[in-house]
Amino acid sequence: MKSLFKPKPRTPSDIVKQTRDLLLRLTSRDDDNMPDLTKNLRDLKSILYGNSESEPVPEACAQLTQEFFADNTLRLLIQYLPKLNLEARKDATQIVANLQRQQVQSKLIASDYLDTNLDLMDVLVSGYENTDMALHYGAMLRECIRHQIVAKYVLDSPHMKKFFDYIQLPNFDIAADAAATFKELMTRHKSTVADFLSNYYEWFFDEYNSKLLESSNYITRRQAVKLLGDMLLDRTNSAVMTRYVSSRDNLRILMNLLRESSKSIQIEAFHVFKLFASNQKKPADIISIFVANRSKLLRLLGDLKTDKEDEQFEADKAQVIKEIAAIEPRDLA
């Protein structure tokens with residue numbers, strides 16, 4: 001007879017609904033509902049990720065995902081995250097991240113949901129201003145950026161300018177997280193990034209040069225010059241690259257980076273500098289700089305070596321040296 005009174009097993013949909021109700025009743029981290037909410041989030045994570053005893057079941061993941069997006073549970077979880085305890089926050093972050101990848105009938109329903117709820121990105125980006133929430137919201141944001149519609153929204157928003165400050169926050173972990181998100185924004189969706197750089201070229205590179213490439217922080221400079229190379233060497237950004245290497249101010253910054261004591265910064269700076277040297281349509285002021293600094297540049301490049309043998313680097317360097325040596329003042333005409 002005991003079996004008649006066994007509670008009916010909760011379905012993934014049931015757990016999502018209960019989680020939604022508990023979130024709506026939550027008032028603080030000391031709330032009486034917190035233990036049940038923490039357990040529910042742990043159960044949801046287990047369904048999505050599996051556990052030591054079993055792999056995730058696709059049907060259960062699909063049911064969970066559909067219910068999660070059907071009635072704004074994602075919005076509630078993001079909004080109420082500051083009221084959760086640390087364990088629950090970590091689980092919630094992993095749940096939101098996983099849901100961005102879940103397909104239901106071969107469709108990413110998270111993308112459709114976020115398309116009509118893009119204001120949630122305002123919450124996630126601004127999370128970098130909250131020390132307790134920054135890493136959780138940052139991890140969620142990077143996963144949401146997997147969707148092109150979300151990346152475009154963030155790129156075109158006033159939030160983009162904030163990243164130049166977030167990357168330089170005194171808290172190393174938060175600054176590093178912001179830098180990782182910034183890199184994701186600038187590299188994942190090629191065509192969207194190309195449009196962004198074309199539309200906002202002036203302010204973006206003014207900020208990029210002054211706040212990142214000329215930062216007093218070594219790590220910021222190193223990451224920035226590496227990312228700059230990744231962006232400019234991408235074929236999708238060829239028009240932007242041509243414009244960037246036609247600026248004497250940009251050349252001056254790269255020449256200064258070439259003179260850094262850090263080998264890694266020098267090498268990354270070289271990969272951008274070579275684009276200035278190989279430009280077959282150098283403006284007159286660029287040619288003047290190359291001519292005036294020729295001997296210093298040739299000596300600097302001659303001493304520049306990678307830690308490990310790199311045939312491609314040596315070939316590129318030889319070509320750049322050849323280009324600079326061949327520039328004549330008459331090219332100014």
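The condition (being in contact with a Pro (Cβ under 6 Å, 6 or more places away or on another chain) and either open to solvent by less than 80 Å² (accessible area, probe 1.4 Å) or at pLDDT 95 or above (or both)) is satisfied by just one residue among Leu84, Leu64: Leu64. The condition of being under 29 Å from the mean Cα position of the chain (by Cα), more than 27 Å from Arg188 (Cβ to Cβ) and either part of a helix (DSSP H, G or I) or touching a residue at least 12 places away in the same chain (Cβ under 8 Å) (or both) holds for only one of Gln266, Gln319, Gln312, that being Gln266.
Before we move on, is Phe204 part of a helix (DSSP H, G or I), without any contact (Cβ under 8 Å) to a residue 60 or more places away in the chain and farther than 28 Å from Glu309 by Cβ? When the stated conditions are applied, Phe204 passes them.
The numbered conditions (1) open to solvent by 60 Å² or more (accessible area, probe 1.4 Å); (2) more than 27 Å from the chain's Cα centre (by Cα) are all true for Asn256 except (2). In this structure, Asn98 does satisfy being in contact (Cβ under 8 Å) with a residue 12 or more places away in the chain, under 22 Å from Thr11 (Cβ atoms) and surrounded by 14 or more Cβ atoms within 10 Å (Cβ to Cβ). Among the residues of region 29-38, those that are assigned to a helix (DSSP H, G or I) and either touching a helix residue (DSSP H, G or I) at 6+ places or on another chain (Cβ under 9 Å) or surrounded by 16 or more Cβ atoms within 10 Å (Cβ to Cβ) (or both) comprise Met34, Asp36, Leu37, Thr38.
Among the residues making up region 289-333, none is within 24 Å of Asp249 (Cα to Cα), acidic (Asp, Glu) and out of contact with any helix residue (DSSP H, G or I) (no Cβ under 9 Å at 6 or more places or on another chain). If you check Leu48, Leu24 for being surrounded by 15 or more Cβ atoms within 10 Å (Cβ to Cβ), of a type in the set (A, V, I, L, M) and in contact (Cβ under 8 Å) with a residue 12 or more places away in the chain, only one passes: Leu48. Restricting to region 61-82, and then to whatever is of a type in the set (D, E, K, R) and part of a helix (DSSP H, G or I), can you tell me which residue is farthest from Val96 (Cα to Cα)? Of everything passing the filter in region 61-82, Glu67 is farthest from Val96 (Cα to Cα).
When region 51-60 is limited to residues that are modelled with pLDDT of 90 or more and in a loop (DSSP other than H, G, I, E, B), the one that is surrounded by the most Cβ atoms within 10 Å (Cβ to Cβ) turns out to be Pro56.
The set of residues from region 113-128 being touching a residue at least 12 places away in the same chain (Cβ under 8 Å) and open to solvent by 70 Å² or more (accessible area, probe 1.4 Å) comprises just one member, Asp115.
The values are calculated or read from the model by the stated rules, or taken from the named source; none is laboratory data. Note that the structure is a prediction, hence the values are computed from the model and not measured. Here Cβ is always computed from backbone atoms with ideal geometry, including for glycine, and neighbour counts include all displayed protein chains. In case anyone asks, the SASA skips ligands and DNA or RNA and just uses the protein heavy atoms, side chains included. Shrake-Rupley method; radii C 1.70, N 1.55, O 1.52, S 1.80 Å.
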